[in-house]
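Below is one structure, written out as structure tokens; comments come after it.
The values are calculated or read from the model by the stated rules, or taken from the named source; none is laboratory data. No experiment lies behind these values; they were computed from the predicted model shown. Positions of Cβ are backbone-derived with ideal geometry, glycine not excepted, and every protein chain shown enters the neighbour counts. Please note that ligands, DNA and RNA were not included when accessible areas were found on the heavy atoms of the full protein model with its side chains. Shrake-Rupley method; radii C 1.70, N 1.55, O 1.52, S 1.80 Å.
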Amino acid sequence: MASTLHPDVTFPSGTVVAEYVWLDGRLGLRSKPRTLEKKWKSFDELKKNVSKYLPRWNYDGSSTDQAPGTDSEVIIYPQAVYKDPFRGGDNILVMCDMYTPGGEPIPTNHRYQCQKVMEKAKDLVPWFGIEQEYFIMRPKDHKPIGFPEDGSLPAPQFAYYCGVGASNAFGRRISDDHYKACLYAGIQISGTNGEVAPGQWEFQVGPCVGIDSGDQLWMARYILSRIAEYYGYDIDLSPKPVVGDWNGSGAHTNFSTLPMRKSGGIEEIYKAIERLSLKHKEHIAMYGQGNEKRLTGKHETASIESFSWGKASRAASVRVGNATVEEGCGYFEDRRPAANMDPYLVTMMLVSTCCEIPIEKMPTP
């Protein structure tokens, strides 16, 4: 990203700007920067010792729907760090979670319970690959870019998916800038593509292990919103932002454990799918707001009302790929999560159900 500053404007030696990022009471992203003295020798050393080098901070929770005005202080704990693609140099982005001054996780701190489940499952080495779909929106009319500004409809969905050309690909610069920024930051972004509606795109993060999946997806979302902001657009993660004959936006989550990836692991996958079938409603409750508008049984979705699975089927709740069946091991794809899901909740639920690991205190989505 080009800077609006003169190229001679640099940061003093030994000074680092750390952009603290956290989630508000409606699972929106918030951030603010602070100046720190660089006391770590390398970025790798900082990643391994986040709590040692980065101080806790606070914010006004009454302005984020997380605390009353009479006792509004919320404490943020640094949990994961990434290189800052906006400021460059030694500057960093910091993914945080949220606590009361007494050290209790606040209700929207879903990372806390997710980390507990992931710790219990660490020997199973759970992998996640999340496919994040989104729309790029014009703020003035909250319509996707590529939709005519006179209120008429664009051509039906067909040419936009992985499309090329000015009539088919709207917002490629944002997608490409985001791709590059995530790679710079150290996020395991594995690809992008144009989706089936004008202004709709997707990026994929993973494979990530355990809690890293949630941390990285949230930071990738943050970077995406910052880039869209630069160009004067908003990012919409709602499951069905455009009414009509258009696909919604999901966050298909690919999942496997070490036993599933080993020879004969297909049997472990089938066991996991059976366990998921018995807890369909519990998962749907944690898989995003407004998902009933997307999971209709149409537009490459299953019905929200019942669980299904199939080989290579994009109309099922869970899809098992051809390669996994043929090789007898691999992973499966949970196609139910909405684009606005909290990855801490989704990854926690998958591990808890599939690996039979209880959740100490079920969060409220």
Expected output for the stretch 40-67 (first residue more than 15 Å from C96 (Cβ to Cβ), partner part of a helix (DSSP H, G or I) and open to solvent by 30 Å² or more (accessible area, probe 1.4 Å), Cβ below 6 Å, 6+ apart or cross-chain) is W40/Y53; S62/G69
Cβ-Cβ under 9 Å pairs, at least 6 apart or on other chains, the stretch 23-37 side more than 21 Å from L224 (Cβ to Cβ), far side assigned to a strand (DSSP E or B) and open to solvent by 50 Å² or more (accessible area, probe 1.4 Å): R34/W57
Search result, residues across the stretch 241-263 that are over 18 Å from F135 (Cα atoms) and among the polar types (S, T, N, Q): T253, N254, S256, T257, S263
Restricting to the stretch 105-128, name every residue that is of a type in the set (V, I, T) and surrounded by fewer than 19 Cβ atoms within 10 Å (Cβ to Cβ). I106, V125
Can you tell me which residues in the stretch 55-89 are farther than 24 Å from I227 by Cβ and touching a helix residue (DSSP H, G or I) at 6+ places or on another chain (Cβ under 8 Å)? S62, A67, P68, G69, S72, E73, V74, Y77
Taking the condition of being open to solvent by 40 Å² or more (accessible area, probe 1.4 Å), β-branched (V, I, T) and touching a Ser or Thr at 6+ places or on another chain (Cβ under 8 Å), how many residues in the stretch 236-270 meet it? 0
Any residue in the stretch 251-269 that's more than 25 Å from L237 (Cα to Cα): show its pairings with residues that are among the acidic types (D, E) at Cβ separation under 6 Å, as long as the two are six or more apart or on different chains. P259/E268; M260/E268
Count of residues meeting criterion [in a helix (DSSP H, G or I) and over 13 Å from A272 (Cα atoms)] in the stretch 325-351: 9
Condition broken by V74, with the remaining ones in (1) open to solvent by less than 30 Å² (accessible area, probe 1.4 Å); (2) touching a residue at least 40 places away in the same chain (Cβ under 8 Å) satisfied: (2)
Look at G165 and say whether it is touching a residue at least 40 places away in the same chain (Cβ under 8 Å), over 21 Å from V351 (Cβ atoms) and open to solvent by 20 Å² or more (accessible area, probe 1.4 Å). no
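Where residues in the stretch 174-211 are part of a strand (DSSP E or B) and free of Cβ contacts under 8 Å to residues at least 24 places away in the same chain, which of them is least open to solvent (accessible area, probe 1.4 Å)?
Filtering the stretch 174-211 for residues that are part of a strand (DSSP E or B) and free of Cβ contacts under 8 Å to residues at least 24 places away in the same chain, the one least open to solvent (accessible area, probe 1.4 Å) comes out as G191.
Quick one: which residue in N49, N58 is within 30 Å of G232 (Cα to Cα) and open to solvent by 40 Å² or more (accessible area, probe 1.4 Å)?
Matching residue, one of N49, N58: N58.
Of all residues in the stretch 1-49, how many are part of a loop (DSSP other than H, G, I, E, B) and among the aromatic types (F, W, Y)?
Going through the stretch 1-49 one residue at a time, the tally reaches 2.
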Check off (1) out of contact with any strand residue (DSSP E or B) (no Cβ under 6 Å at 6 or more places or on another chain); (2) within 22 Å of H142 (Cα to Cα); (3) part of a helix (DSSP H, G or I) for Y222 and give me the number that stays unchecked. (1)
